[in-house]
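Everything on this sheet refers to the single structure shown next.
The values are calculated or read from the model by the stated rules, or taken from the named source; none is laboratory data. Note that this is a predicted model, so its numbers are computed, not measured. Methodologically, a virtual Cβ is constructed for each residue, glycine included, from the backbone with ideal geometry; neighbour enumeration extends over all protein chains shown.
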Amino acid sequence: MGGHTMTLSVATLRAFLATHPAAIVAELTAVRGSSPRAAGTFMLVSPDAQIGTIGGGALEYMVIDRARQVLRNGEHEDSLDIPLGPEIGQCCGGRVDVSLKRLAPAIAASLIARLEAELAARPHVYLFGSGHVGHALALALSALPLRVHVVDTRPDELTNLPENIETHAVAMPEAVVRGAPGGSSFVILTHDHALDFLIAAEALQRTDAPYVGMVGSKTKKARFRSWYLSEGYPAAALDRLVLPIGGKAFPGGIGDKRPEVIAALAAAEILVHIGGREVTALRARPVTTQSGAVVGD
C-alpha cells in the first residue's frame with residue numbers, strides 16, 4: 001500500500017497550515033539500511049506543535065529540535081544526515097537524510113496535492129452491514145491507509161461512524177459491488193443471510209478483489225456453498241471466500257466473539273490480503289532496462 005503511505009488526512013493538514021503558518025517541513029529524502037519509515041515521509045513542525053511522524057524515537061526528537069532552531073534563527077532550510085545507531089540511542093542500524101524547509105505557499109500546496117493523490121490511490125474496502133461487527137470493523141479500518149465504505153439498506157444505521165468513512169444507503173447493496181473501483185475488497189456482515197448470499201455471489205465474480213469475506217459460522221458456510229452451487233456459480237470461486245472473517249489472521253481462532261476482537265483480526269487479515277495482491281502485481285510487471293525496453297526482447 002505504498003512505501004510511505006501516511007494516515008495524515010488532508011483536513012488535518014489544512015487545519016495545521018491555517019493555524020501554524022510559521023513551520024518547517026521535515027522530510028526523509030533518503031534511507032539507507034533499516035529505518036522506521038520510508039523516503040518521502042514527512043512531518044510539520046511549528047514552534048509549539050507538530051503533525052505527522054517520520055518514525056518517532058530519538059530521530060524524531062532530534063529533527064524537531066533542529067527544525068525549531070531553524071525557525072528561531074530565521075533560516076529557510078537545512079539538511080541532516082543521521083545514523084540510526086547507538087550514537088542516538090536508536091537501534092535500526094540504518095541512516096537517513098532529512099531535509100528541513102520553511103513552509104511557503106508552493107510547498108504547502110505540494111503537500112496537499114501529495115496527500116490527495118495518496119488518498120486517491122488507496123485501496124477501497126466495502127463493508128456491507130453496519131451492525132455491531134460492521135461498526136467495530138469500520139472503526140478498526142478507519143485509522144489505516146484505506147478508503148473505507150459502509151453500505152446498508154437502513155439509513156438510520158449509518159450513524160456514529162468515523163468522519164473519514166464513506167456511507168451508502170442503498171436498496172440493492174449487491175449493485176454497489178458491480179460499481180466498485182478495481183481492486184476493491186468486500187466484507188459482508190448484514191442482518192440478513194439471504195442478502196449476505198447475494199452480495200457474496202456478486203463479490204466472488206470480481207476476480208480483481210483481493211479479499212471477499214463474510215461473517216458467520218461453519219454452518220453458514222455450508223449453506224452458502226449449497227445455495228451458490230445450486231445457482232450455477234463456479235465451485236472454484238468458493239476458495240476465495242473467507243468465512244468466517246478473521247480466522248486466517250489467527251489460525252485455529254481464539255474463541256472470542258466480541259465485535260472489537262473480530263474486527264481487529266479481520267482488519268489484519270484484510271491488510272494481509274491487499275498487501276499480498278500488491279506484491280503479486282509488482283512481481284508480474286515486466287522487468288525493464290533504463291531505456292524502457294523489456295529485458296529479453
Next item on the list: Counting only residues that are under 24 Å from Ala15 (Cβ atoms) and at pLDDT below 90, give me the strands (runs of 3 or more DSSP E) lying completely in the stretch 32-87 with at least 2 of them.
Entry: 42-45, 50-52
Checklist line | Failed criterion for Gly296 (all others in (1) at pLDDT 95 or above; (2) exposed (fewer than 10 other Cβ atoms within 10 Å of the Cβ) hold) | finding: (1)
Notebook entry, point to check: Any residue in the stretch 101-115 that is modelled with pLDDT under 90, surrounded by fewer than 24 Cβ atoms within 10 Å (Cβ to Cβ), under 30 Å from Val63 (Cβ atoms) and not assigned by TED's automatic domain parsing to the domain that holds Ile24?
Noted result: no
Next item on the list: Report whether or not Leu139 is at pLDDT 90 or above, touching a strand residue (DSSP E or B) at 6+ places or on another chain (Cβ under 7 Å) and under 24 Å from Arg258 (Cβ atoms).
Entry: no
Margin query: I'd like to verify a number: residues in the stretch 254-270 that are farther than 15 Å from Leu189 by Cβ and either in a helix (DSSP H, G or I) or at pLDDT 90 or above (or both), how many?
Written below: 1
Next item on the list: Inspect all residues belonging to the stretch 271-280 and state whether any of them is among the small types (Gly, Ala, Ser), touching a helix residue (DSSP H, G or I) at 6+ places or on another chain (Cβ under 7 Å) and at pLDDT 65 or above.
Entry: no
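So which strands (runs of 3 or more DSSP E) are wholly in the stretch 100-193 and hold at least 1 residues that are under 30 Å from His20 (Cα atoms) and of a type in the set (Lys, Arg)? Talk me through it step by step, then tell me what you get.
Values: elements: 124-128, 147-152, 166-169, 185-188.
Fully inside the stretch 100-193 and qualifying: 147-152.
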Notebook entry, point to check: Within the stretch 42-68, can you find the residues that are small (Gly, Ala, Ser) and within 19 Å of Leu17 (Cβ to Cβ)?
Noted result: Ser46, Ala49, Gly52, Ala67
Margin query: Of all residues being in contact with a strand residue (DSSP E or B) (Cβ under 9 Å, 6 or more places away or on another chain) and free of Cβ contacts under 8 Å to residues at least 24 places away in the same chain in the stretch 111-136, which is nearest to Leu198 (Cα to Cα)? Just the residue, please.
Written below: Ala120
